[in-house]
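The values are calculated or read from the model by the stated rules, or taken from the named source; none is laboratory data. A quick note: this is a predicted structure, and the numbers were derived from the prediction, not measured. Methodologically, a virtual Cβ is constructed for each residue, glycine included, from the backbone with ideal geometry; neighbour enumeration extends over all protein chains shown.
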Amino acid sequence: MYTNLILLILASAHIWAARIELSDHDMHPHLPAVANPSDVDPAEGTSSYWIDNAQKTVQEKATRPLNQNTAKNVILFLGDGMSIPTITAARVYNGGEETQLSFEKFPYTALSKTYAVNRQVADSANTATAYLCGVKANYGTIGVGPEVTRYDCPAMTNTTNYAHSIAYYSQLQDKKTGIVTTARVTHASPAGVYAHTSNRDWESDSNVLNDDEDPEVCADIATQLLEGDTGKNVNVIFGGGRAKFLPNDVEDDEGHKGDRSDGVDLIKKWVSDRDSAQYVWNRDQLLALGDVQNVLGLFGHDHMDYNLDRDNTMDPSLAEMTEAAIKILSTGENGYFLFVEGARIDMAHHGAEARVALDETVEFAKAIQAAVDLTDEADTLIVVTSDHAHTMSYSGYASRHNDILEFGGTGSDGRVYTTLNYANGPGYKLNDADGSRHDITQDDYEATHYRFPAVAPLGSETHGGDDVAVFARGPYAHLFSGTIEQNVIPHLMSYASCVGEGYTACMDNQNKQKVHNYI
Ligand SMILES: *[C@@H]1O[C@H](CO)[C@@H](O)[C@H](O)[C@H]1NC(C)=O
Ligand SMILES: [Zn+2]
């Protein structure tokens, strides 16, 4: 009896000690030697394979000419909430550790610092202001400088406080402009292209009224897309969010009521206000588009569905929308600026739905591949980035090609843990009835919408404060390097495409010479 008690005390003391001072074994577990799974290329087991690969990369980098053409076209791809662990995990989900997503093949990368002027961790509004308008802003505000705080209606009407997007400056150079997103087209990221608002939630006049403000004074985002200084000139708009455009007593083509209180049908108005304009609301109509200059495509009354839930006969993929947009915008002589957002990576993460987040990232990569296939690296700058990170981590010592959505190992409590985990969010699991950590193997963890585990419970998982990546290809892509403030991104795109009020490649005739001398 006594002996047992002493043993128990000793055992607890051992666990206690181990918690304070990790042994080398704990830090670097003596995992069993495992053979590579049969689907791993056997050549990987030879040194020459890795040396040859590395040498190819050296050759490629050392001989790659700098592209100093003026960028006729600029396409900005934004993976909302696409943190670096999201990219890595999506790569594994898509094809394995050794593969690359389309944009990972781009030759230049940078890191982007995403914090807001007034917050450590950003949202999609202040970041859209940074990566589209070139100004860091306050959390929740879009297309206005840091002089404007959230909900300040009078400040947002003062045009001195406007931050103009690269779309605005591209329009001044007679370039066509377009927006493609899987969110409502009035959501924070796409709104960065055309809106000036002190509150990202003011998407319809009803949203403005709900906050006791006057939509006649502080125009809602949908109205700004029709009539705003930039919105009125956008040629192509593809995404979701019909409700923000329709009166609350009018049903859309799928029987959903609108959200507007002012009785204005903005869809009809958009088409009637423009020459050569068409409205489409489903995939067939999108794919059948003929010779038309302006197209409004709204493929959902709210956000578009996640790709894994999508009715692919009715709703286009992000890649299909991107292709259609590029075809229309390419008809202009002076080039175009196109913004494409994989919007729902972020929303899936908020729900701790890692499987959906990775799938949305793969869809985003497909849209980028579609743009690569339709454009010429000689005259089109493609930049791929994210607005902010999320809390999903990627860990454990799983063997090669292990299913990224399964288990990374076994905890010291004898129970498995997932490779992907969140710091907080709705995937938090209460302990099992016996008091031990929840046994995940009892869950339907292969379900599409399974919520991955979190340390702290929270209705919606939060954004992350870590830097995000930037990938670039085309004219002046080599300027996208180093660790930069997020608001530098549109300044670099403007430099490359010779738009805006700042320093551009066209102004600096000596530039090419200087670069050559340096080489
Ligand atoms: C507009 O904003 C600028 C800069 O923030 C400020 O100097 C000016 O007084 C404002 N104008 C009005 C009418 O409030
Ligand atoms: Zn978010």
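Below is a table of values for the structure above.
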{"quantity": "Test: Gly427 is over 21 Å from the mean Cα position of the chain (by Cα) and surrounded by fewer than 16 Cβ atoms within 10 Å (Cβ to Cβ)", "calculated": "no"}
{"quantity": "Check on Asp123, closer than 30 Å to Asn67 by Cβ, within 16 Å of ligand 2 (Cβ to nearest atom) and acidic (Asp, Glu)", "calculated": "no"}
{"quantity": "Residue that is surrounded by the most Cβ atoms within 10 Å (Cβ to Cβ) [pool: residues in region 437-485 that are over 30 Å from Cys498 (Cβ atoms) and under 19 Å from the mean Cα position of the chain (by Cα)]", "calculated": "Glu461"}
{"quantity": "First in region 344-360 and assigned to a helix (DSSP H, G or I), second anywhere and of a type in the set (Lys, Arg), Cβ under 6 Å, 6 or more apart", "calculated": "Glu360/Arg344"}
{"quantity": "Condition broken by Asn126, with the remaining ones in (1) in contact (Cβ under 8 Å) with a residue 40 or more places away in the chain; (2) buried (at least 23 other Cβ atoms within 10 Å of the Cβ) satisfied", "calculated": "(1)"}
{"quantity": "Neighbours by Cβ (under 9 Å, 6+ apart or cross-chain): first from region 25-38, assigned to a helix (DSSP H, G or I); second hydrophobic (A, V, I, L, M, F, W, C)", "calculated": "Asp26/Ala18"}
{"quantity": "Restricting region 148-175 to residues that are within 11 Å of ligand 1 (Cβ to nearest atom) and assigned to a helix (DSSP H, G or I), the residue that is surrounded by the most Cβ atoms within 10 Å (Cβ to Cβ)", "calculated": "Met156"}
{"quantity": "Filter result for Val121 (part of a loop (DSSP other than H, G, I, E, B) and touching a residue at least 24 places away in the same chain (Cβ under 8 Å))", "calculated": "yes"}
{"quantity": "Residue in region 386-402 that is β-branched (Val, Ile, Thr) and within 30 Å of Val499 (Cα to Cα) present", "calculated": "no"}
{"quantity": "Residues of region 69-89 satisfying the condition of being of a type outside the set (Val, Ile, Thr) and either more than 12 Å from Ser386 (Cβ to Cβ) or without any contact (Cβ under 8 Å) to a residue 60 or more places away in the chain (or both)", "calculated": "Asn69, Ala71, Lys72, Asn73, Ala89"}
{"quantity": "Selected residue [free of Cβ contacts under 8 Å to residues at least 24 places away in the same chain and either surrounded by fewer than 23 Cβ atoms within 10 Å (Cβ to Cβ) or not hydrophobic (A, V, I, L, M, F, W, C) (or both)] from Gly192, Gly145, Gly178", "calculated": "Gly145"}
{"quantity": "In region 234-262, the residues that are touching a residue at least 40 places away in the same chain (Cβ under 8 Å) and either closer than 19 Å to Ser189 by Cβ or of a type in the set (A, V, I, L, M, F, W, C) (or both)", "calculated": "Val234, Asn235, Val236, Ile237, Phe238, Gly239, Gly240, Gly241, Arg242, Ala243, Lys244, Phe245"}
{"quantity": "Residue check for Arg184: out of contact with any helix residue (DSSP H, G or I) (no Cβ under 8 Å at 6 or more places or on another chain) and either β-branched (Val, Ile, Thr) or within 16 Å of ligand 2 (Cβ to nearest atom) (or both)", "calculated": "no"}
{"quantity": "Selection from region 134-144 of residues that are away from ligand 2 (no atom under 15 Å from the Cβ) and under 13 Å from Asp387 (Cβ atoms)", "calculated": "Lys136, Ala137"}
{"quantity": "Residues (surrounded by fewer than 24 Cβ atoms within 10 Å (Cβ to Cβ) and more than 19 Å from Lys257 (Cβ to Cβ)) located in region 202-214", "calculated": "Asp211, Asp212, Glu213, Asp214"}
{"quantity": "Residues (outside any loop (DSSP other than H, G, I, E, B) and either at pLDDT below 95 or of a type in the set (Val, Ile, Thr) (or both)) located in region 258-290", "calculated": "Ile267, Val271, Val280"}
{"quantity": "Near pairs, Cβ below 6 angstrom, 6+ apart or cross-chain, from region 381-397 (free of Cβ contacts under 8 Å to residues at least 40 places away in the same chain) to any residue that is more than 16 Å from ligand 1 (Cβ to nearest atom)", "calculated": "Ser395/Gly408; Gly396/Gly408; Gly396/Gly409; Gly396/Thr419"}
{"quantity": "Residues within region 293-315 that are part of a loop (DSSP other than H, G, I, E, B) and either touching a Cys at 6+ places or on another chain (Cβ under 8 Å) or under 25 Å from Thr223 (Cα atoms) (or both), tallied", "calculated": "9"}
{"quantity": "Any chance Thr230 is farther than 15 Å from Leu338 by Cβ and either at pLDDT 95 or above or surrounded by 23 or more Cβ atoms within 10 Å (Cβ to Cβ) (or both)", "calculated": "no"}
{"quantity": "Leu111, sole failed condition from (1) of a type in the set (A, V, I, L, M); (2) more than 15 Å from ligand 2 (Cβ to nearest atom); (3) assigned to a helix (DSSP H, G or I)", "calculated": "(3)"}
{"quantity": "In region 251-273, the residues that are surrounded by 17 or more Cβ atoms within 10 Å (Cβ to Cβ) and in contact with a strand residue (DSSP E or B) (Cβ under 7 Å, 6 or more places away or on another chain)", "calculated": "Gly258, Arg260, Val264, Ile267, Trp270"}
